[in-house]
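**Q** Starting off with a structure, shown below.
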Amino acid sequence: MARALGEELVPSSELQDDSSSLGSDSELSGPGPYRQADRYGFIGSSSAEAGSGHPPVDLIRQREMKWVEMTSHWEKTMARRYKKVKIQCRKGIPSSLRARCWPLLCGAQVCQKNSPGTYQELVASPGDPQWMETIGRDLHRQFPLHEMFVSPQGHGQQGLLEVLKAYTLYRPEQGYCQAQGPVAAVLLMHLPPEEAFWCLVQICEVYLPGYYGPHMEAVQLDADVFMALLRRLLPRVHKHLQQVGVGPLLYLPEWFLCLFTRSLPFPTVLRIWDTFLSEGAKVLFRVGLTLMRLALGTAEQRAACPGLLETLGALRAIPAGQLQEETFMSQVHSVALSERDLQREIRVQLAQLPKSSPGPAPQPQTRLSGAQAIFESQQLAGVRGGTKPEIPRIVVQPPEEPRPPRRKPQTRGKTFHGLLTRARGPPIEGAPRSHRGSTSFLDTRF
């Protein structure tokens with residue numbers, strides 16, 4: 001599976017638009033670095049001008065102000081107003097604030113504050129020669145038409161080398177996976193190397209644990225889960241894939257492991273990442289189901305794909321107009337798949353795994369479902385803004401000596417007038433009174 005990830009795809013002409021993130025080794029002989037770059041940094045693109053798919057400037061400024069306000073009080077926002085964060089992530093984080101928002105959403109900022117100097121020590125340490133050679137061969141494959149990664153001696157490829165080497169030293173038992181290259185490259189387009197490293201750590205260990213290790217046990221489990229969801233939500237597409245022999249491991253690893261960086265236009269990739277860092281892995285399943293529906297949703301589309309190669313080609317040849325960020329993401333959010341549905345299907349597929357399967361068993365319980373779960377986990381771990389919160393002191397007072405119970409005074413039958421009468425002596429003789437033991441107001445002495 002890992003070797004298949006290293007092979008470059010030959011994208012169709014329909015996906016070769018100005019904002020596409022697809023790339024291959026053959027593109028290195030394409031346009032030189034002197035050509036104009038688009039708003040995302042891709043060379044030879046004419047999308048630098050404002051297009052029809054971009055929101056108005058006033059709307060962008062309004063969203064920027066909302067994100068500035070939320071990130072200024074991040075703990076309060078996540079504790080009380082996470083629904084607002086989720087909605088704003090679905091609308092898309094402004095490009096000017098992704099460097100500020102992504103580390104907060106995935107918890108990388110807290111990890112960096114709790115481990116000062118760790119990244120610098122990893123970068124200064126010599127890397128494993130085996131992994132360093134593999135990483136060096138993959139550097140030029142990551143977005144060769146992006147201005148950051150054009151030159152082998154540029155800061156893009158050098159930063160990518162540092163981040164990937166640091167991860168192999170940080171988790172030597174996992175090493176390096178080729179799919180980490182494009183993920184780290186997208187992070188470096190927005191973040192400094194140290195912040196990009198901690199974001200990569202969170203993606204590999206919190207969002208997608210078991211994806212990038214030597215056995216990739218979680219990828220196989222999620223492939224089974226995806227097919228089960230496809231059978232329930234798109235039964236005709238599932239039947240067609242079964243008939244032509246297209247298994248999930250032929251397309252799903254590239255989608256999920258690379259977080260769609262090699263499969264979709266770059267603006268759409270960024271929107272997927274915004275939602276993925278907010279809501280977790282269920283976004284990947286929603287995107288995959290949407291792509292299946294767009295590629296094979298109609299009877300005419302399935303009839304045009306009688307075999308395996310035609311079906312795989314259809315998954316890579318979805319018209320670019322259908323992959324435009326606003327149109328595509330609205331369809332992704334409309335997929336009827338909740339976190340509860342996903343967890344239920346994971347438990348079902350996990351119970352069906354053979355007990356004697358090679359390699360370690362998947363551990364989906366270590367996967368956290370997005371920014372809110374990560375925030376709560378860090379709070380429970382005693383992390384608050386990079387420092388441990390002050391634990392309130394409980395002072396226990398020694399028990400006091402028991403006191404005798406207070407006796408209620410006996411006041412039955414005693415009145416104010418009676419008390420005054422007994423203090424004065426016997427009552428004055430005279431005519432019998434209507435009230436017993438009482439005196440008139442005139443006989444009362446004050």
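**Q** In nm, to one decimal, how far is the modelled label at residue 341 from the one at residue 250, with both set 7 Å along Cα→Cβ?
**A** The two pseudo-label positions are separated by 2.6 nm.
**Q** Then there is this: With the full set of protein chains in place, find how many percent of the accessible area of the range 78-230 is carbon and sulfur; take the probe as 1.4 Å. Spell out each step's value before the answer.
**A** On the way: 2920 of 5640 Å².
Summing carbon and sulfur atoms, their accessible area is 52 percent of the total for the range 78-230.
**Q** For the cross-link pairs 84/165; 76/165; 84/113, which exceed 28 Å when the distance is taken from alpha carbon to alpha carbon? Please list the in-between numbers first.
**A** Working: 84/165 37 Å; 76/165 36 Å; 84/113 26 Å.
Among 84/165; 76/165; 84/113, the Cα-Cα distance tops 28 Å for 84/165; 76/165.
**Q** At 0.36 nm per residue, minus the direct Cα-Cα distance, what do residue 231 and residue 120 gain on full extension? Give it in nm, one decimal, please. Don't skip to the answer; put the middle values down first.
**A** Numbers: separation 111, 0.36 × 111 = 39.96 nm, distance 4.77 nm.
The span from residue 231 to residue 120 would gain 35.2 nm if fully extended.
**Q** A further question follows. Can you give me the distance in nm between label points at residue 300 and residue 326, each placed 7 Å from the Cα along the Cα-to-Cβ direction?
**A** 2.6
**Q** Follow-up question, since we're still on this one. So how far apart, in nm, are the two label points at residue 351 and residue 61 if each is 7 Å from Cα heading toward Cβ?
**A** Roughly 5.7 nm, to one decimal.
The values are calculated or read from the model by the stated rules, or taken from the named source; none is laboratory data. None of these values were measured; they are calculated from a predicted model. Don't worry about glycine lacking a Cβ; one is built from the backbone with ideal geometry, like all the others, and counts go over all protein chains shown. Remember, those area values only see protein heavy atoms, side chains included, never the ligands or the DNA or RNA. Shrake-Rupley method; radii C 1.70, N 1.55, O 1.52, S 1.80 Å.
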